[in-house]
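Inspection log for the structure reproduced underneath, given as structure tokens.
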Amino acid sequence: MTDRNYITVEELNFYINNVFLNEELLKNVPVVGEVSGCSVVNGHCYFTLKDKASQIKIAYFNVKDKFVPVNGDKVLVRGSVDYYVKNGQVNLKAFEVSYFGTGLINKQLAELKDRLEKEGLFSELHKKELPEFPKRVAVITSIKGAAVQDFITTVRKYNSVTDITVVDVRVQGESCVNDILQALNNADEYGFDVIVIARGGGSTEDLFYFNDEKLVRAIYSAQTPVISAIGHETDYTLCDFVADYRAITPTAAAEKIGYSVQNLKISILQKIKSISNKVNYYLNNIIEDFVENCEEMQEITEDIISEEKEFILKTIEKIKIYQNLSFEREENNLLQKLSYIESLNPLKLLNKGYFRIISNDKYVYKTKELKENDKISIIGIDGKVNAKIVKE
């Protein structure tokens, strides 16, 4: 057998495991920390126990009828340290978990949320409306994640005209806050119609940095409407509360801003048709009112002329009775006036075959006032017809 001056990974992990197994102090360790990323699978509870400086994975088996912590709880865990040979991971196998109080991180987050809410940062009164048909959209996310591809694919199902600009940032770890802040400020100044801050699902630790106060205030101060699309439906961060719209997933955000160009065309055509119908209805009412006014004026004119005619005839009769032949000249003058008044009667002209022409709601007095394709109304003694000017 050939001598070796090395060991395999498996051999190293077995050696480390034996060290853990032989250390009595690691077989019953009481550890206090804050619960994060807690989940129950097939009757077993798994979570991360953390403090300000470090964290460790906890496996708590057969938790039926036992106390099961929730994220943010401060708990006392008693268990044995276990080294998992296959992937070289240290876990704490818990055989007892008890409530120890509210976790500091969860408490600080609750206090921050309460303070920002009292300042009005989460008020609906300050939220901006999303544009119905956004043309330019900025998506602040990591280009390596699945969120950006889901977003673009969903929007493109509806149209190919929305301009989508992806701003690549880190969406995990402490440094991601400054990345997102800078991207948000730049996008806000650039003049996009909507800004989407997106990230797929993750653990509570992964999403925790979206509770950063500086980021929350930057979203509140943005002039551009901001959509928060962080995590899944059950994940909530302070960015969700301050954003103008909260989407349960990045795909849901794409559904919100995506719009069908075909449906938009149909909507525009329907609006044009509606406007046309209203204009026609308005014009018809104007024409009807004008005809009614003409008829009313005609009746008034007839009454006036009739009264004047009767008065003049009576005057003539009186002149004939009380005056001698020397007043024949005056009688002739009065008859001439009567004839003139008769000539002013519109019905007399219409009875002779004359017509009244109206264009653009005005009477036409000269042919040069008319142009080719002008629509006109011709009013005669028996009614009105519409016509169009053609070139000879």
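Summary table below
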item	result
Options 355, 231, 165, ranked by Cα towards positive dipole end of the chain, top entry (Cβ charges)	165
Qualifying GluC sites (Glu not before Pro) in region 2-69, DSSP loop, other Cβ atoms within 10 Å at most 16	23
Computed label-point distance, nm, for sites residue 17 and residue 375 using a 7 Å Cα→Cβ extension	9.1 nm
Charged-residue dipole, Cβ positions (Lys, Arg, Asp, Glu), region 1-50 about Cα centre, Debye nearest 20	180 debye
Approximate spin-label separation residue 168-residue 355, in nm, with each point projected 7 Å along Cα-to-Cβ	7.6 nm
Cα point-scatterer Debye curve for region 110-151, base-10 log of I(q)/I(0) at q = 0.17, 0.23, 0.28, 0.32 Å⁻¹	-0.79, -0.82, -0.89, -1.04
Straight-distance crosslink candidates among aspartates and glutamates, where the alpha carbon sits under 13 Å from residue 74 and sequence neighbours closer than 8 are dropped	34, 51
DSSP-defined beta bridges in the chain - what % are antiparallel, rounded to 5	65 percent
Distant-in-sequence amide H partners of residue 96 (H built 1.01 Å from N, under 5 Å)	78
Listed pairs 337/384; 50/113; 50/107; 127/157 exceeding 25 Å between Cα atoms	337/384; 127/157
Contact order relative to length of the chain, as percent, for alpha carbon pairs under 8 angstrom and 6 or more apart	9 percent
Excluding exposed DSSP-loop chymotrypsin sites (Phe, Trp or Tyr not before Pro) (at most 10 other C-beta within 10 Å), longest clean stretch of the chain	7-364
For Cα extents along the principal axes in Å, calculated from these coordinates, the label among (1) 84, 40, 33; (2) 161, 51, 39; (3) 75, 47, 32	(2)
Portion, in percent, of the accessible area of region 108-207 that falls on carbon or sulfur, probe 1.4 Å	47 percent
Solvent-accessible area per residue for the chain (1.4 angstrom probe, square angstrom)	66 Å²
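The values are calculated or read from the model by the stated rules, or taken from the named source; none is laboratory data. Because the structure is a prediction, the values reported are computed rather than measured. Note that each Cβ is placed from the backbone with ideal geometry, even for glycine, and that neighbours are counted across all protein chains shown. Please note that ligands, DNA and RNA were not included when accessible areas were found on the heavy atoms of the full protein model with its side chains. Shrake-Rupley method; radii C 1.70, N 1.55, O 1.52, S 1.80 Å.
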